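The values are calculated or read from the model by the stated rules, or taken from the named source; none is laboratory data. Predicted, not measured: the structure shown is a model, and the values here were computed from it. Glycine gets a Cβ as well: all are built from the backbone with ideal geometry, and neighbour counts include every protein chain shown. Accessible surface is based on the protein model in full, side chains and every heavy atom, while ligands, DNA and RNA are left aside. Shrake-Rupley method; radii C 1.70, N 1.55, O 1.52, S 1.80 Å.
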Amino acid sequence: MSKDNRWTTYDAKQLEDLHALAEDYKKFLTIAKTEREAVTEVTKRIEKAGYRNLETIVKNGETLKAGDKVYAVWMKKTMAIFTIGEEKLEKGIRILGAHIDSPRLDLKQVPLYEDTEMAFLDTHYYGGVKKYQWTTIPLAIHGVIAKKDGSVTEVRIGEDAEDPIFCVTDLLIHLSKDQMAKKLGEAIEGENLDLLIGSRPMVFGEESKDADKKDPVKQQVLSILKEKYDIEEDDFLSAELEVVPAGAARDLGFDRSMIGSYGHDDRVCAFTSLDAFLRVDSPRYTACCLLTDKEEIGSVGATGAQSRFFENTVAELLACCGQFSELALRRTLASSRMLSSDVSAAFDPLYAAAYEKRNSAYFGHGIVYNKYTGARGKSGSNDANAEYFAWVRRVMDDAGVAFQTAELGRVDVGGGGTIAYISALYGMNVVDAGVAVLNMHAPMEVVSKSDVYEARNAYVAFLKAEQ
Ligand code: MN
Ligand code: MN
């Protein structure tokens, strides 16, 4: 593990690189706040770099060869990007796999209601959140509304300086005697995480009947939605609207050594994986950047890591390279090597009791490897093979990349998971590797710019490494 704080080791050129990467990362965070927005932004970046949609290649019956650049997207929420290597695919793919969903509040299907002349949107939280953290902060609404006519309207409101914002209310301290006596986890109820969106009633004409004047604040909101987005109340039924913290990613600290933002978990690893991937032009082994959805709720569904999307895409790839057989597919997956690029808990001295110091991750000490995650006796974890991690150590040391190893907190204080165990089902070697994050899953998470830089360099070394 790296003993020196990496900040003390950089020369001027490295600092310049580090800052350029951090600036680009802040832009990425600010643009890509949902899995769909991440897919859109990544697609823009890779198309600029010459990557082509695999669908087009399959449709045209083209053949792929070493050096070719392709990608596949599923349901606009997950994607896999490949640079074809010199070796046959059977020799294995080098995979950097990160997730692009983050904890947030999702609107319910029937969200809109009025109570006491105030209009709200009802939500159901997504992923693990400390509910009290989501009250009384500026919130934005991002997502899509799909209409019966097949059109899809994109929504992004609360980000521009002129946009309105929204918030979840909390009881004033003056009246909170009972609430303050409750346990932290019970003081804010999930059902109360509703978004305040309006308070001005519609003014009705003289001809309006009394029956039509019900819920005038809600009606006013609906008339604005009709005008701005051409949607009706029923269109919420087929929408995916995500409530996320409003505002841009910012430098944090007088020394600007950190970045404060929503969504570092796991866009910090998605971004650095992509950046590394795009720096490796003609790899020996086929390189892959896999960006998955639904990790925060168990990697379920058609766009989560448990779906067949990745396997199907590799099958298509083999076919396009003229190498497909069922056996070749299995061999390709089994012989692949993966860094499950996901964040780790950064040591927080204010809550030191939750960590075990020798096996914790520290800001400024490089990419973090978690041999295993899980909870209560490693349950649910992918426990990476010792021989594989020995190879990873060698790759990191040979490339001069700083790394550290950690567990997610003290034994039995909690736990967590990643997508590592899912890819491992194919028999491939996988280990968790990512950036240390403070305040993980909070509306504002914090990372060290140095760790972002080291993670990117570690991912490059992994993709380039010989057997
Ligand atoms: Mn994660
Ligand atoms: Mn997470």
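Note on residue 351 and residue 312: the extension gain reaches 9.6 nm, defined as 0.36 nm multiplied by sequence separation minus the Cα-Cα distance. Here the accessible area is traced with a 1.4 Å probe on the protein chains. For the chain, carbon and sulfur cover 51 percent of it.
Given +1 on the Cβ of Lys and Arg, -1 on the Cβ of Asp and Glu, and no further charges, what dipole in debye does the stretch 243-297 carry about its Cα centre, rounded to the nearest 20?
My answer is approximately 160 debye.
Compute the whole-percent fraction of alpha carbon pairs in the chain spaced more than 44 Å apart. I get 17 percent for the Cα pairs in the chain exceeding 44 Å. In percent, what relative contact order does the chain have, based on Cα pairs under 8 Å that are 6 or more apart in sequence? About 23 percent, as a whole number. Kirkwood analysis of the Cα pair distances in the stretch 255-308 returns a hydrodynamic radius of 13.3 Å. Applying 0.36 nm per residue to the separation of residue 13 and residue 385 and subtracting their alpha-carbon distance, the gain on full extension is 130.3 nm. One equal scatterer on each Cα of the stretch 113-171, no solvent, Debye formula: the resulting log10 I(q)/I(0) at q = 0.21, 0.23, 0.24, 0.28 Å⁻¹ is -1.09, -1.17, -1.20, -1.24. For residue 466 and residue 334, a Förster radius of 25 Å and the Cβ-Cβ distance give a FRET efficiency of 0.80, rounded to the nearest 0.05.
Helices of the chain meeting both criteria, an alpha-carbon length of 18 angstrom or more along the long axis and an average Kyte-Doolittle score not below -0.5, with helices taken as full DSSP H segments, are 12-31, 216-229, 264-277, 386-399, 449-464. Across all C-alpha atoms in the stretch 104-245, the radius of gyration and Dmax reach 16.5, 52 Å.
Just to confirm a number: summing +1 for Lys and Arg and -1 for Asp and Glu over residues other than residue 346 whose beta-carbon lies under 11 angstrom from that of residue 346, what do you get?
-3
Distance from the C-alpha centroid of the stretch 139-191 to that of the stretch 370-442: 33 Å, rounded to the whole angstrom. Each helix, a run of at least 4 DSSP H residues, gives -39500 (n - 2.57); summed and divided by the residues of the chain, these come to -8500 deg cm²/dmol at 222 nm. Put simply, when 139-149, 254-264 are sorted by average Cβ atoms within 10 angstrom per residue, most first, you get 254-264, 139-149. Scoring 396-407, 52-63 by mean Cβ neighbours within 10 Å over their residues and listing the highest first yields 396-407, 52-63.
Local charge for residue 424 was computed over the other residues whose Cβ lies under 12 Å away, with Lys and Arg +1 and Asp and Glu -1, and equals -1. For the chain, the solvent-accessible area with a 1.4 angstrom probe is 47 square angstrom per residue. Our summary gives the stretch 104-245 a relative contact order of 38 percent, counting only alpha carbon pairs under 8 angstrom and 6 or more residues apart. Cross-linked pairs 3/27; 44/130; 27/76: Cα-Cα separations exceed 26 Å for 3/27; 44/130. Electrostatic bookkeeping for residue 329 treats Lys and Arg as +1 and Asp and Glu as -1; over the other residues with beta carbon under 12 Å from its beta carbon, the sum is -1.
Please compare each pair in 77/148; 77/213; 65/148; 131/371 to a cut-off of 32 Å on the Cα-Cα distance and tell me which ones are over it. Check vs 32 Å cut-off fails for 77/213; 65/148. Taking label positions 7 Å along the Cα-Cβ direction at both residue 44 and residue 189, the computed distance is 4.2 nm, reported to one decimal.
Placing dummy labels 7 Å off each Cα toward the beta-carbon, the span from residue 227 to residue 378 is 6.2 nm. Straight-distance candidates among the aspartates and glutamates for linking to residue 59, with alpha-carbon spacing under 12 Å and chain neighbours fewer than 8 residues away dropped: 316. Distance distribution P(r), the stretch 366-467, all Cα-Cα pairs, bin width 5 angstrom from 0: 2, 12, 20, 23, 21, 14, 6, 1, 0 percent.
Would you mind working out the magnitude of the charge dipole of the stretch 276-346 relative to its Cα centre, with +1 at each Lys and Arg C-beta and -1 at each Asp and Glu C-beta, to the nearest 20 Debye?
300
A 1.4 Å probe over all protein chains sorts 69, 449, 226 by accessible area into 226, 69, 449, starting with the largest. The alpha-carbon of residue 218 sits under 22 angstrom from the alpha-carbons of these lysines, leaving out residues fewer than 8 places away in its chain: 108, 147, 209, 226, 228. Its Cα centre serving as origin, the chain has a Cβ charge dipole (Lys and Arg +1, Asp and Glu -1) of approximately 1700 debye. The length gained by stretching the chain between residue 297 and residue 180 to full extension, at 0.36 nm per residue less their Cα-Cα distance, is 39.2 nm.
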